[in-house]
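As structure tokens, the structure follows; a few thoughts come after it.
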Amino acid sequence: MNNSKGKRSNGDEHEDEDDEEEDEANGGGLEAWERAYADERSWESLQEDESGLLRPIDNKATYHAQYRRRIRSTPSTARIQKGLIRYLYIVVDLSRAASEMDFKPSRMAVVAKNVEAFIREFFDQNPLSQLGLVFVKDGVAQCLTELGGSPDSHIKALMGKLECSGEASLQNALELVYGYLKQVPSYGHREVLILYSALSTCDPGDIMETIQQCKKSKIRCSVVGLSAEIFICKHLCQETGGLYSIALDESHLKELLLEHAPPPPAIAEFAIASLIKMGFPQRAAEGVVSICSCHKEPKVGGGYTCPRCKARVCELPTECCVCGLTLVSSPHLARSYHHLFPITLFSEVSPSYSSKQQQRIPKNCFGCQQSLLNPGNKPGLFVACPKCSQFFCLDCDIYIHESLHNCPGCESLRHSKPVIDAEE
């Protein structure tokens, strides 16, 4: 009897394991209610091929097409002056309209997720810039974080204040941001990025006067809407030289936000070119107790010491609270260099051209050495550098232009020339 019971229990265990494996294969380990959201609008992930059959969409090619469209829309190849020192405030609408569920699971959750990604991308592309957060709800605008250079502190503060209530006030948000940005030095670019969910604004005064104040102070205001187009938002962007766009879905919202991450072209009226005094502080020794000038409290170890007044600050880049000196580190300047000399946009190689010139085109990517051919040895999509004529896959194209900022083919030719000359 005991043996039979043991066999039954072992059999039940095997059946449970099989059921778990089936669940993971069918739903990826998701609950039933999670699969309902994951499978929603699943027909959008299909497309019709040449023979009339439905095939899954190649997400890799779609993402690469969106990336190249975003690159083409910006004058990245032209030698133009860009605003490398930016002071940006992000205004997040947390009114009652942000709780709408047309974006899954809600507008507020989608905005918070994409703002987090934008903050990290912003500091990656603008290491000398500073960012602050403002939220609007109950008709009042409140400053969540002041201008600073730490992405983690901004993200932590944002995730702790995700509550929707009341109406939105565009005027109060602009008045608050105007008060902070008018104190910014003249060499910095003053910008506001508003994520607006409401269809109206509840203002205490004349918003047109506030817009004119922002225009006179050279504050560039841009709006990304999550609902229908609103006249006052469009008028604000037109007057201040910003961009106004409406997000169609979550992926479109992310694409619109990332368009604001690269530094914009520097307009003479918006920022005055001048020499800027900067300090390169040293890292404080571990275990040393000192008073932080930005938080006004004692801290142990870490931080940086201002080279002029010897005050302690927690993060870089920033301005010393005591003497006002701009404090940066040498890697920040090095990472900003690629905006002044951008890499040339690679040209796409069509499958028809690659089939005709198959003998001249290598089978592997010059960067990652992965195969450039699709299954069945059919030519796939890839790009070529117009200077060194080396071929790269789509992933390397994105990595070179967004992270590396140097073409491996051009760099290899540059380093090989002295060796050839020496041999001759």
Requested in this report: Could you tell me which residue of segment 379-410 is modelled with the highest pLDDT, considering only residues that are charged (D, E, K, R) and open to solvent by 40 Å² or more (accessible area, probe 1.4 Å)?
Outcome: Lys387
Query raised in the report: Counting just the residues of segment 84-102 that are of a type in the set (A, V, I, L, M, F, W, C), buried (at least 18 other Cβ atoms within 10 Å of the Cβ) and not in a helix (DSSP H, G or I), which one comes out modelled with the lowest pLDDT?
Result: Leu84
Query raised in the report: Quick one: what pairs do we get from segment 214-243, first residue free of Cβ contacts under 8 Å to residues at least 24 places away in the same chain and over 16 Å from Ile90 (Cα atoms), second of a type in the set (Phe, Trp, Tyr) and open to solvent by 60 Å² or more (accessible area, probe 1.4 Å), C-beta under 6 Å, 6+ apart or different chains?
Result: none
Query raised in the report: Quick one: which of His260, His252, His295 is buried (at least 17 other Cβ atoms within 10 Å of the Cβ), of a type outside the set (Asp, Glu) and either out of contact with any Cys (no Cβ under 6 Å at 6 or more places or on another chain) or assigned to a strand (DSSP E or B) (or both)?
Result: His260
Query raised in the report: Does Ile232 fit the bill of being under 17 Å from Gln171 (Cβ atoms), surrounded by 14 or more Cβ atoms within 10 Å (Cβ to Cβ) and over 24 Å from the mean Cα position of the chain (by Cα)?
Result: yes
Report summary line: Across (1) over 21 Å from Gln142 (Cβ atoms); (2) touching a helix residue (DSSP H, G or I) at 6+ places or on another chain (Cβ under 8 Å); (3) open to solvent by 20 Å² or more (accessible area, probe 1.4 Å), Gly242 clears everything bar (3)
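Checking the conditions here, which among Pro127, Pro105 is surrounded by fewer than 21 Cβ atoms within 10 Å (Cβ to Cβ) and either under 30 Å from Phe280 (Cα atoms) or without any contact (Cβ under 8 Å) to a residue 12 or more places away in the chain (or both)?
Numbers: Pro105 fails: either under 30 Å from Phe280 (Cα atoms) or without any contact (Cβ under 8 Å) to a residue 12 or more places away in the chain (or both).
On inspection, the qualifying residue turns out to be Pro127.
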Report task. Determine, yes or no, whether Val288 is open to solvent by less than 80 Å² (accessible area, probe 1.4 Å) and modelled with pLDDT under 95. Result -> yes
Requested in this report: Tell me, yes or no, whether segment 140-151 has at least one residue that is in a strand (DSSP E or B), open to solvent by 10 Å² or more (accessible area, probe 1.4 Å), under 29 Å from Leu325 (Cα atoms) and of a type in the set (D, E, K, R).
Outcome: yes
Query raised in the report: Taking strands (runs of 3 or more DSSP E) that do not extend beyond segment 152-246, which have at least 2 residues that are within 30 Å of Cys320 (Cβ to Cβ)?
Result: 189-196, 219-225
Report summary line: Over segment 282-306, the set of residues in contact with a Lys or Arg (Cβ under 9 Å, 6 or more places away or on another chain), among the aliphatic types (A, V, I, L, M) and under 18 Å from Ser329 (Cβ atoms) is Ala284
Report task. Identify, from the list Ser329, Ser293, Ser336, the residue that is modelled with pLDDT of 85 or more and under 25 Å from Gly188 (Cα atoms). Result -> Ser329
Query raised in the report: Quick one: how many residues across segment 192-223 are open to solvent by 10 Å² or more (accessible area, probe 1.4 Å) and under 20 Å from the mean Cα position of the chain (by Cα)?
Result: 2
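Restricting attention to segment 306-330, report how many residues are assigned to a loop (DSSP other than H, G, I, E, B), open to solvent by 20 Å² or more (accessible area, probe 1.4 Å), within 20 Å of His154 (Cβ to Cβ) and not hydroxyl-bearing (Ser, Thr, Tyr).
The qualifying residues number 4.
The values are calculated or read from the model by the stated rules, or taken from the named source; none is laboratory data. Given the structure is predicted, the values throughout are model-derived calculations rather than measurements. Neighbour counts are summed over all protein chains in view; Cβ atoms, including those assigned to glycine, are modelled from backbone coordinates with ideal geometry. Keep in mind that these areas ignore ligands, DNA and RNA; they rest on the heavy atoms of the full protein, side chains included. Shrake-Rupley method; radii C 1.70, N 1.55, O 1.52, S 1.80 Å.
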